Amino acid sequence: MIIDAYTHILPQKYQAGLEKKVTDRDGSLNSVRYAQTIPTLVDVEARFRVMDGFDDYIQVVSVASPPI
């Protein structure tokens with residue numbers, strides 16, 4: 001079994017809240033822009049569809065931004 005312990009997620013509701021809080025000078029905005037190009041970062045169902053293509057693979061996820 002492969003356990004990917006270093007994956008990140010930016011849930012859509014969390015991303016929307018983050019977009020309201022950050023400014024252009026805030027480094028967190030980079031994560032918001034990055035999320036727009038990587039669907040599996042914000043769409044859990046899309047992530048599950050990709051993961052379904054691999055046997056014995058799981059992910060441990062953490063919120064992508066801000067770093068805690």
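The values are calculated or read from the model by the stated rules, or taken from the named source; none is laboratory data. The shown structure was predicted, so the numbers you read here are calculated from the model rather than taken from an experiment. For neighbour counting, all protein chains shown are included, and Cβ atoms are generated from backbone atoms with ideal geometry for every residue, glycine included.
Only a single item in (1) under 14 Å from the mean Cα position of the chain (by Cα); (2) in a loop (DSSP other than H, G, I, E, B); (3) modelled with pLDDT of 75 or more is not met by PRO67, and it is number (3).
Identify the residue in the range 1-46 that is modelled with pLDDT of 85 or more, of a type in the set (D, E, K, R) and not in a loop (DSSP other than H, G, I, E, B) and, among all such residues, is nearest to VAL60 (Cα to Cα). Per the stated criteria, the residue is ASP4. Scanning the range 47-58 for residues that are of a type outside the set (Ser, Thr, Tyr) and touching a helix residue (DSSP H, G or I) at 6+ places or on another chain (Cβ under 7 Å) yields a count of 2.
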